[in-house]
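Structure record follows, encoded as structure tokens.
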Amino acid sequence: MQIPAAPLGPRPKVLIIATGGTIAGAQDQPGTTGAYRAGSLTAEQIIASVPELPRYAEVESEQFSNVASTAITPGAVDRAVASHQ
């Protein structure tokens with residue numbers, strides 16, 4: 001896969017408010033169906049897994065929580081967003 005050229009001009013600023021869930025999940029033995037844990041990775045670990053990202057955006061992150069998606073309530077989302085307005 002070819003990586004597209006970085007955009008011209010200033011990079012957009014992106015804030016990632018991490019809550020855990022599936023995207024932050026990991027397995028002790030990848031490729032198997034067992035030992036999965038939601039919310040295992042931090043936002044910084046996920047960002048670091050995409051080394052090309054700084055070419056395209058200035059990324060900041062906040063680790064608001066690190067739990068399974070079923071544990072996130074609308075109130076928690078409201079608090080996370082409100083802390084950055």
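Below is a table of values for the structure above.
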quantity: Rg/Rh (Cα only; Kirkwood hydrodynamic radius) as it applies to the chain; calculated: 1.05
quantity: Alpha-carbon centroids, segment 1-59 and segment 61-85: separation in whole Å; calculated: 17
quantity: Computed helical MRE - 222 nm, the chain, DSSP H runs ≥ 4 contributing -39500 (n - 2.57), nearest 500; calculated: -4500 deg cm²/dmol
quantity: Contour excess over end-to-end distance, with Cα ends at Gln45 and Leu15 and 0.36 nm allotted per residue; calculated: 9.3 nm
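Readers should treat all values here as calculations from the given coordinates under stated rules, not as data from a laboratory. Because the structure is a prediction, the values reported are computed rather than measured.
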